[in-house]
Amino acid sequence: MHETVVQIDHLQNLTDRGFSVAFIRNFKEKHGLSLAEMDAAWGFAADYLPADRGEVESLGDPAYTVPGPEVAQIVPLCAADVEPRPVKWLLQDVFVQGALNSVQGIAGLGKSFMLCAVAAAVSSAGFVQSVDGQMERLRAGSVLFLSGDDDASTTLVPRLISLGANRRNVHFAPDGMLPAIGSPELESLFARVKPTLCIFDTLQHFLPAKVDINSANSATNALQPLKRMAELYDCAVVIIQHISKVSAAGNGGFSVNFGIGSSAINGVFRSVWTLGRLKDEEGKPGDIRVLAPSKTNLVPGDPPCVLFELTKERGFLWAGVDYDITAEALYEPAKKTTRRVAPAREEAEQFLADFLTEGKMRTSDIEREAGNRGISAKTLRDARERLGVVVTRGRGTDRFWYWQLAPLPAKEKNGQIGATRDNMDDQKDDLTLFDPDCPTCTVRHTEGQVARGRI
């Protein structure tokens, strides 16, 4: 039952005669009478009231109300009834499974090339650069690659072949179709491919024509059907965005607001990464590209940047991680986005030796204290290698990483993470070393590099 209270003329006279406020308003709207007319002819009930005798007789009760519009009965969801579940990742701490993600940057940097490398790894259970400095094996699955910029036959497929993709697991829209978000065509493609990864290149090509990209409500509402599809198919959706001219010129403020259109668009994404170029010592753009975190809601703190090299001579190569570069610095014209000058390695080694004197310590505590002393993450890792520090992970519910001094120097160093095969024996249940020269490995490595993949 719905009762509405209103302030109206002649109300007192009518209520004094036994008519409820709700009934008066309902009757007025139904029959088009003014309150003055109702007050002047207060005996209107005999002519206008419903024939139901019980309802007529109830008019003498001031508490009487008439049914109003039906109100949906919404039952709130109690937190005690919600089962917690862990976040699922396509690539740990980078792309969220079952959600919308974004990679943004200026044109021509290699956004689609980098995502081709990720797509190739998904299609063949291959390896990609992880934010912890290791090479991570991705779960095999199907890929839906929707591009309004690059042709499949002349650009995308040749890239995928060079990156070792299993082409039977990669799919495109037919005949250059650009299915709009929320359209039956896009739903049909998802239903047939059931993608583990879906790439949209770029956002503007796939928004419905009526959507105003500069309107927060219009743009974010348009993305909701895609958000639901990502959840339904447990698909990591990665949307490529171009950044605005203002942002490209270094005046865009926080990098999460770099994208073209309403800043609310990036609010829909669970993960946003900004791609830029690493400058050399003279401030000139080099061959190293930097994928820097701009928004990582589901990760405590900011993960490091992921680096890759893209050249005509050597093609695409993953190039490790960096803890010092920020997304904003990639587009600051007045500053060189080179790695910061680290303290002397000897200073870092002395700090590490002193800190680990008492025995095993958490990695996070070591890195925090090193940061407080101005020691960069890279310098700290170099010192770890030279001292032969043992890296272990807790057992059972203890999932923290620990460092401790080794009784003897390690004999063989691992170029990706600074650990050794000897001191990684206790992690064989989680990690497996592999030979980069193995013909089944789909990732190209620099000469002499040893990578370690999460199996």
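Once the Cβ-Cβ distance between ARG395 and GLU187 is put in as r, and R0 is 56 Å, what FRET efficiency do you end up with, to the nearest 0.05?
Given R0 = 56 Å and the Cβ-Cβ separation, E is 0.80.
Taking R0 as 35 Å, what's the FRET efficiency between GLN350 and ASP280 from their Cβ-Cβ distance, rounded to 0.05? Mind dumping the intermediate values first?
On the way: r = 31 Å, r/R0 = 0.88.
It comes to 0.70.
Could you give the length gained on full extension between ASP132 and LYS312, defined as 0.36 nm per residue of separation minus the Cα-Cα distance, in nm?
Contour length minus Cα-Cα distance gives 62.0 nm.
Can you compute the FRET efficiency between LEU232 and THR155 using 1/(1 + (r/R0)^6), with r the Cβ-Cβ distance and R0 = 45 Å? Round to the nearest 0.05.
Efficiency computed from Cβ-Cβ geometry: 0.90.
Highest mean first, what order results for 119-129, 316-326, 270-280 on Cβ atoms within 10 Å?
119-129, 270-280, 316-326
Roughly what would the spin-label model give for THR363 and ASN214, points 7 Å off Cα along C-beta, in nm?
In this crude spin-label approximation the distance works out to 4.7 nm.
None of the figures in this text is laboratory data; all of them are computed from the coordinates on show. Keep in mind it's a predicted model, so treat the numbers as computed, not measured. So basically every Cβ, Gly included, is an ideal-geometry build from the backbone, and we count neighbours across all protein chains shown.
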